[in-house]
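The values are calculated or read from the model by the stated rules, or taken from the named source; none is laboratory data. Computed from a predicted structure; not experimentally measured. No Cβ is skipped: glycine too gets one built from the backbone with ideal geometry, and neighbour counts run over all protein chains shown. All accessible areas refer to the heavy atoms of the entire protein, side chains included, with ligands and DNA or RNA removed. Shrake-Rupley method; radii C 1.70, N 1.55, O 1.52, S 1.80 Å.
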Amino acid sequence: MSDNTLIWKTATEIRDLLAKDEISPLDLLDSLETRIAEVEPKINALPTLCFERARDAAKALMEKPKEERGTLMGIPVAIKDLEEVKGVRTTFGSPIFADHIPDKSDLVVQTLEKNGGVVYAKANTPEFGAGGNTFNEVLGTTLNPWNQERSVAGSSGGSAAALASGTAWLAQGSDTGGSLRNPASFCSIVGMRPSPGRVARGPGGLPFSNLPVAGPMARNVTDVAMMLDAMSGEHPRDPISLASPLESFSDAVKAQRLPKRVAFSRDLGCTPVDPEVAKICEEAALRFESLGVKVEEAHPDFHDVQDIFQALRAEGFYMTKRKLLEEHRDKLKPEVIWNIEKALDYSLEDFTRVQLARGAYIQRAVDFFETYDLLLSPATCVAPYPVEQRYVEECDGHKFDNYVEWLTMAYTITLTGFPALSMPAGFTSEGLPVGLQVVAGPRGEAALLSASALLETALGHATAVPIDPI
């Protein structure tokens, strides 16, 4: 039986109802199926559905004693179309894999299902997650629920749009250049990039790579913490995976630990930012002062971020996609081709220099967090842009060199390996969402989530979603 009022509840409220046996996972699936029929044609966030599989999983879960149903206890979870789900069409947003149905699930999916998540949909993504706008030739374009003429960013754009429009309570995303944080910013939800290894993923061809990570997305910080609890843990097939901490992330949020000293930067010293976006984020960051926290203008030395990130990104694309370029060049979008071939511009000496530079870069960031507990900044340099643009070409008079440079605010933090999230900061004069990036020090997820939840309450934007697409 569908109960449409369930759509408007938070994931933690839903879990409490499940724990009291006031609802079942099947009720939740019925509600989602009804809501998807209402809004999905307007935004195209969840183009692949697997409700039959989900109901089978839900029924199996319900046969277990309540204490064995895991952290999520049967809450439905949307999975980004970059992660394989056994028996469910997984395209990676590419015509090359338009008909691909995997025979096994990614470790991310396995962990979520083991901890009580019920997979019911695949969320749209750009081809191989490349680019900050969620469109592809297989499944089309995802539109922003706040304004369907605007982008949802990317690459976890389908996940963010589903959360904002009430077709998901929890959604999984992944992040290299900001793919969890930029869509969160554009859709007024919360997207968190954990430390590398916090969420086991793969198995993949580059098991020691620490730029891409998987992470949680939800409508508020408390829900994100609960989902991260359900995603975390070691796995023997992921050699960099970390053990779950003794204190759960949900308990860290409940502890309500304030930071003592916070830094804010309008631009991290390395990228242009739209003045209205910067102002909204600065005002949001300064709300910490109403909680008794000192906020100062400061940031680490990130001067060589472009040199390091562009080289490492190109290296990753070349190693994982070179064969696809050789065999299917005609099916790859130009941005992906450019990113693969860019690696050919670098010599062994270049990659040596870049790796050493990244080592120094990380140490400067560690030094910074010996003084400050958190670093706050805009999550991205602009508000949601017209969806027909493939990417942002310029900002505040500066023309970007390539299709990913506009994402600098996010990937500047990616290179540190530190946990970060985007949370709603406010809205532009046009009513478009703006996200605040909050960063903690090494493996500082607990401090990040606890402080962000307190700031979220002070700002009061967490109840802005879900919305009916307009």
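Assorted remarks:
- Across the options 381, 248, 438, the greatest Cα extent toward the positive end of the charge dipole of the chain (unit charges at beta carbon of Lys, Arg, Asp, Glu) belongs to 248.
- Computed [θ] at 222 nm, helices only, for the chain once each DSSP H run of length n ≥ 4 contributes -39500 (n - 2.57): -11000 deg cm²/dmol
- Region 1-75: mean projected area of Cα convex hull, nm²: 5.2
- Gyration tensor (alpha-carbon) shape descriptor, region 300-379, a/c threshold 1.5: prolate
- Share antiparallel - DSSP beta bridges, region 79-231, percent rounded to 5: 85
- Charge dipole of the chain about the Cα centre (unit charges at C-beta), most positive-ward option of 299, 340, 172: 172
- Straight Cα distances below 15 angstrom link residue 399 to the aspartates and glutamates 274, with same-chain residues fewer than 8 positions distant left out.
- Net charge in the neighbourhood of residue 235 (other residues with Cβ under 12 Å of its Cβ; Lys, Arg +1, Asp, Glu -1) is +1.
- Viscosity 0.890 mPa s, 25 °C: Kirkwood-radius Stokes-Einstein D of region 322-470 over Cα pairs, µm²/s: 133
- Cβ charges +1 (Lys, Arg) and -1 (Asp, Glu), total dipole of region 211-335, debye: 300
- Greater than 20 Å apart at Cα, pairs in 66/114; 321/342; 114/321: 114/321
- Carbon plus sulfur fraction of accessible area for region 108-177, probe 1.4 Å, in percent: 39
- Applying a DSSP loop filter and a limit of 13 other Cβ atoms within 10 Å to the chymotrypsin sites (Phe, Trp or Tyr not before Pro) in region 139-227 leaves 208.
- Rounded if a/c under 1.5, otherwise prolate or oblate - the chain, Cα gyration tensor axes: rounded
- Gain on full stretching of the segment that runs from residue 304 to residue 345 - 0.36 nm per residue minus C-alpha separation: 13.0 nm
- Neighbourhood charge, 10 Å Cβ-Cβ cut-off, centred on residue 414 and excluding it, Lys, Arg +1 and Asp, Glu -1: +2
- Dipole check for region 248-299: with +1 at the C-beta of Lys and Arg, -1 at the C-beta of Asp and Glu, and the Cα centre as origin, the magnitude is about 380 Debye.
- Positive end of the dipole of the chain (Cβ unit charges, origin at the Cα centre): among 187, 148, 420, the Cα lying farthest that way belongs to 420.
- For the chain, the share of DSSP beta bridges that are antiparallel, to the nearest 5, is 70%.
- Lys, Arg +1 and Asp, Glu -1 on Cβ, resulting dipole of the chain about Cα centre, debye, nearest 20: 740
- Accessible area per residue for the chain is 37 Å², calculated with a 1.4 Å probe on protein heavy atoms, without ligands, DNA or RNA.
- Here's how it looks for residue 436: its modeled amide H is under 5 Å from those of 379, 423, 425, which are all 5 or more places away or on a different chain.
- Distance (nanometres) between label positions extended 7 Å along Cα→Cβ at residue 427 and residue 258: 2.9
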